[in-house]
Number of protein chains: 2
Amino acid sequence: MVKGFQSTSMNDYQLNTTTLIRHAVRNFPNREILYRSGNQIHRYTYREAFARMGQIANFLENQLGVKPGDKIGILDWNSARHFELYFAIPGTGATMLQMNLRISPEDLSYVTNHSEAKYIFVDETLLPLAEAIAPHLETVKGFIIMSDKPSSEIKTALSPIYHFEEKIKQESAEYDWPMIDENTAYNACYTSGTTGKPKGVFYSHRNIYLHTVEMGAYIGVNCDDTLLVIVPMFHAQSWGLVHVAAMMGSKIILPGRFTAEDTSVLVDLMLQEKVTLAAGSPAIFLPMLHYIRTLEEKPDFSKARFLSGASEPPVSMMRGFKELTGAEIIHAYGATETTPLVSINYRLNPSLQNKLTEEEKWDLRRKQGLPVTGIDIKLCDPDTGEELPRDGKSIGEICLRGPWITGAYHNIPVSESQFRDGYWRSGDAGTIDENGYLKIVDRIKDVIKSGGEWISSIDLENTLMGHENVAEAVVVGIPHAKWQERPLALVVTKDRNPVPREELEELLYDHFAKWQFPDDILFVEEIPKTSVGKFNKKEIVKLYENLYLQEGGKIPSEL
Amino acid sequence: MVKGFQSTSMNDYQLNTTTLIRHAVRNFPNREILYRSGNQIHRYTYREAFARMGQIANFLENQLGVKPGDKIGILDWNSARHFELYFAIPGTGATMLQMNLRISPEDLSYVTNHSEAKYIFVDETLLPLAEAIAPHLETVKGFIIMSDKPSSEIKTALSPIYHFEEKIKQESAEYDWPMIDENTAYNACYTSGTTGKPKGVFYSHRNIYLHTVEMGAYIGVNCDDTLLVIVPMFHAQSWGLVHVAAMMGSKIILPGRFTAEDTSVLVDLMLQEKVTLAAGSPAIFLPMLHYIRTLEEKPDFSKARFLSGASEPPVSMMRGFKELTGAEIIHAYGATETTPLVSINYRLNPSLQNKLTEEEKWDLRRKQGLPVTGIDIKLCDPDTGEELPRDGKSIGEICLRGPWITGAYHNIPVSESQFRDGYWRSGDAGTIDENGYLKIVDRIKDVIKSGGEWISSIDLENTLMGHENVAEAVVVGIPHAKWQERPLALVVTKDRNPVPREELEELLYDHFAKWQFPDDILFVEEIPKTSVGKFNKKEIVKLYENLYLQEGGKIPSEL
């Protein structure tokens, strides 16, 4: 790092989240925050939320003795109280611990102990989960119960407990918010890796601040926007849109607890409140689109931008939203280790404006898009670390650094398998083209290495699943005597109706060279899955590991 | 400042301007940069500009021996070379010195010596100015001449000289851009205060980076924008839009040298290149509007946002642009000490959406608007420093802090007249209303203190100048035996046609209470001005200082 003449004339004002929320409260005191509790809709304002944040901060210090540096867990849905805690806990100098209620109680106990959380805020509906982990907790000194019911009606085995509403009511709304050093940890979120224990990422205030401002710049968030908070607030700060909305004085909608069955409830809420911003995965947006198709009168979401992450959005989904509602689905890419925004596929690179047909433009939108400023992406050979060309063809591991990319996991020594030359290794295999567009083709561990070339298992799977009679398809690399690995496909057909292999190959011809075709397509009853429902590729490879090791090896006819 | 648990997991990637330009070059290599040299239009790309930046950086190090921490001056218009220097000089760890070619040679020499500049880049057309100051320079070791002519045709008394194009041609475009520590000074700009010596503000890379990202968020700049760089690049980084455009991969137009007479040239350029972004003052936009009125076919600027600063934009100008061209004139407020963005009047605070008539909305746009996130504005009693209420009525001094507000002047001890409690004192008198809107009413030193109340001289002047036969009007506070001060107006009428005092008073009745009216309105031939053309209020007060000290004091009938 090069130091030049040090600027002494800029003051050392710190980048922290108190600045974000205070900005909203000072300039947009009457902007609405709407929250759903049970099936009831409540409304209050930034001014009122900030007053409660002050009460919470006073409660933490005066009644719990919380000090800067303490870690405080939260077990809650996307609620108004969760929103208040997002600014109140870190505003005192303490650190929030995001507790993922979808992971196993065993992992959740591990996360709580590993982060040394002192207290846990628990929504009443999650008491059974808190009770399940409580006996295993080593550092937690008490639980704050969040409920609309009075404490006399709360039944729980947890102890000691504090009743959130009754306790904060005793406190003043005036709190002397300190200037928090920007390198203080704002919150911690643990990855839910499929292998090994969850790993902790501790985000700093500076990191959150920069991520917020830049997300605002790239999505164009402003005070007349209305955000529906869909991504769980226990996942990487709900992907950061909550902070952007607060910074800009947007209206915020907190839908509380909802499940896949509540799609119609969500859409109705979006319609009624004229939502213009949301983030979610195709798993959320696809059922939404199905529901919208059933509506006589299509909703007008022409001012809306919906961020879609987690997996590649189908073109039909993006077009469907655009054509039926006017909404823009924006593909974005990131991970817990990246706060999460890495890249976004929103405005078309002007160099391509006149070069692509409309169809090609839609197809391009499936890519992960252009990195946002400050994010330095390097495409690397996973074995040697050597940088690969940005030619849209070379497949390598996506390695990242930048002001909000993690440089280490909490209390785990930095290893070269996770970090190399200051870059975090994402484990994703991808390409970058000459216009900067990033495309993820696979997980590094799943990519198929055939005769020195790489084949994307995901692309093959998506193509096979494009057949109307295919229910599921998985492609894995099987060790091969001559080619190192060769692709093998397992296919489950809909209602067990047979699908001629030729029809599948016809689909493949459109997108792949012949040498990339699976050597075999096996029709099976079921595909082995992991506990969280993903294809268990490790097990599948194991089942077929000897298939191509001897030439002329026989394929088992049934699983 | 409170330090909590220090986040160790975020890496210490630095915020610097190399990141901004590299982002553009990687993702938008073929985006165009257009520049005007003489009357010729040239075009090249970000990729080509970046290659030249590499050559310049190598030239600085290899041929001039420039080291991190050195200060390097620039005397140039808004040129392509100036743009390249914006990233090349600070990219090596050296600091740019913005040299304002409008200030006196004496002040310019002072600025160069005070900042200890080692080299100066000079555009050929500015050689006479460089030659005028050269004998007084104490630290400068050489001059780099920027010209399209070969060195054999350059005649100058400067020595030693280096011919920019010939020298950089000898260098490789490959330069190993270092990671610059974010607290390194990116550039220095000196205020052109009317009293005393210019004072230096040294901006850090961090400061510029944050300002860039946030300006992008608030104005909504993106890759399909086209920026015309109007604000001189020697004024507070041309107000920062150059950096935002580079960060986003916008097209950039550098118009070279132009004067007020070139209005039609600028507008034609805007039309031809479909400009969507620019910044300037009403002194630039008013003649533009006059020219546009003369055009048969009105230009379509419906995608354009033009930032207007320096003074309050007349509503007629904002409406004129909107109605004739579709362009949005956005009033913004700032100063050299603030990088400069403090506040912006763009999107209407949604709380006012249904409360104001269309006329009232236009009128509101004259205000300086809402602060951007991170900028902490305090309205203070200038004498005691006590905070005043945000009620839209209380007038106080605008005091500022934030990540890009200066905390000191270069090599000048911090004094309470300039900084108080960590806030920079702007010297501007203003109000803030309950919706956060800032309004500047006067310079603190010009505000009129009458019987414990404050009267804005600027408001009175603007109202008087609203009369069709008034050419100029100035209002000053004259010491008064009973009321401390009372307003006195001097008016110059158009073509010396008399204007009845009653007509002026009628205008005042619409906006002011009777006690705020000037005690006298004097019709004069001329109003005393300073060397830069501003009303010389100090001298005017001196001329009339005894007028109201004795009751019944007489008014001189002529100046």
Across the identical copies, how the A:Leu271 labels are spaced - nm, sorted shortest first, 7 Å along Cα→Cβ
4.8
Which distances, shortest first and in nm, link B:Ile412 to the matching position in the other copies, using label points set 7 Å out along Cα to C-beta?
5.3
Where in region B:10-24 does the label zone of B:Arg43 land, with the point 7 angstrom along Cα→C-beta and an amide N cut-off under 16 Å?
none
With a/c under 1.5 counting as rounded, go ahead and sort region B:328-486 into rounded, prolate or oblate using the C-alpha gyration tensor (a ≥ b ≥ c being the square roots of the eigenvalues; past the cut-off, prolate if a/b is larger than b/c, else oblate).
oblate
Would you mind calculating the gained length between B:Arg102 and B:Glu166 on full extension (0.36 nm times residue separation, minus the Cα-Cα distance), in nm to one decimal?
20.2 nm
By how many nm would the segment from B:Tyr509 to B:Leu324 grow when fully extended, if each residue of separation counts as 0.36 nm and the alpha-carbon distance is taken off?
63.4 nm
Run the simple label-point estimate for A:Thr139 and A:Glu539 please: 7 Å along Cα→C-beta, distance reported in nm.
3.5
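For region B:448-543, what does the alpha-carbon gyration tensor say about shape, rounded, prolate or oblate, given a ≥ b ≥ c as the root eigenvalues, a/c under 1.5 as rounded, and a/b over b/c as prolate? Numbers along the way, then the final one.
On the way: a/c = 1.88, a/b = 1.15, b/c = 1.63.
Oblate, since a/c reaches 1.5 and b/c is not below a/b.
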Copies of A:Lys542 compared via label points 7 Å along Cα→Cβ give distances in nm, shortest first, of 9.4
For chain A, the longest principal axis of the Cα atoms and the Cα long axis of helix A:17-27 enclose an angle in degrees, to the nearest 10, of 70
Compute, for region B:448-543, the length of the dipole vector about the Cα centre, with Cβ point charges of +1 (Lys, Arg) and -1 (Asp, Glu) only. Units Debye, rounded to 20.
540
Once the in-chain neighbours fewer than 8 apart are removed, the aspartates and glutamates whose Cα is under 12 Å from B:Lys155 read B:Glu124, B:Glu131
For A:Lys494, tell me the accessible area in Å² from a 1.4 Å probe, rounded to the nearest 10.
90
Net charge within 12 Å of A:Lys322 by Cβ-Cβ distance, Lys/Arg positive one each and Asp/Glu negative one each, not counting A:Lys322 itself?
+2
Checking the a/c ratio against 1.5 first, then a/b against b/c, what shape does the Cα gyration tensor give for region A:25-257?
rounded
Can you list the lysines whose alpha carbon sits under 21 Å from that of A:Lys303, skipping same-chain ones fewer than 8 residues off?
A:Lys251, A:Lys274, A:Lys322, A:Lys361, B:Lys303
Compute the helix-to-body angle for B:315-325: its Cα long axis versus the longest principal axis of chain B, expressed 0 to 90° and rounded to tens.
50
Could you tell me the calculated FRET efficiency between A:Arg501 and B:Lys3, based on Cβ-Cβ distance and R0 = 56 angstrom, to the nearest 0.05?
0.30
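Grab the other residues whose beta carbon is less than 10 angstrom from that of A:Arg257, score K and R as +1, D and E as -1, and report the net.
Numbers: positive: A:Arg36; negative: A:Asp76, A:Asp123, A:Asp262.
Summing Lys/Arg as +1 and Asp/Glu as -1 gives -2.
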So how far, in whole Å, is the C-alpha centre of region B:226-253 from the one of region B:312-362?
20
Relative to the first principal axis of the alpha-carbon coordinates of chain A, what is the inclination of helix A:46-62, with its axis defined by its Cα atoms, in degrees from 0 to 90 and to the nearest 10?
80
Dipole of region A:447-543 [Lys/Arg +1, Asp/Glu -1 at C-beta], most positive-end residue of A:Ala471, A:Pro528, A:Ile458
A:Pro528
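Under unit Cβ charges (Lys, Arg +1; Asp, Glu -1), what dipole magnitude, rounded to 20 debye, does region A:336-445 have relative to its Cα centre?
Details: 15 positive and 18 negative charges, 73 e Å.
So the magnitude is around 360 debye.
Excluding B:Pro287 itself, what net charge comes from residues whose Cβ is under 12 Å from its Cβ, given Lys and Arg +1 and Asp and Glu -1? Mind showing how you got there, number by number?
Working: positive: B:Arg293; negative: B:Glu261, B:Asp262.
With Lys, Arg at +1 and Asp, Glu at -1, the neighbours total -1.
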Sorted by accessible area with a 1.4 angstrom probe, largest first, how do A:Asp262, A:Asp363 fall?
A:Asp363, A:Asp262
Any lysines with Cα under 24 Å of the A:Lys542 Cα? List them, leaving off those in the same chain fewer than 8 positions away.
A:Lys197, A:Lys445, A:Lys449, A:Lys482, A:Lys529, A:Lys534, A:Lys554
Debye calculation, C-alpha points only, no solvent: report log10 I(q)/I(0) for region A:114-241 at q = 0.11, 0.18, 0.19 Å⁻¹, in the same order as the q values.
-0.58, -1.30, -1.33
Under the 0.36 nm per residue contour assumption, what length would be gained going from the current alpha-carbon distance of B:Gln272 and B:Ser302 to full extension?
9.4 nm
At a Förster radius of 56 Å, what calculated FRET efficiency corresponds to the Cβ-Cβ distance of A:Arg443 and A:Gln63, to the nearest 0.05?
0.75
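The values are calculated or read from the model by the stated rules, or taken from the named source; none is laboratory data. Everything numeric in this text was worked out from a predicted model, so none of it was measured. Cβ coordinates were reconstructed from backbone atoms using ideal geometry, including for glycine residues, and neighbour counts include every protein chain displayed. The protein model used for the area step is the full one, side chains on, heavy atoms only, and it has no ligands, DNA or RNA in it. Shrake-Rupley method; radii C 1.70, N 1.55, O 1.52, S 1.80 Å.
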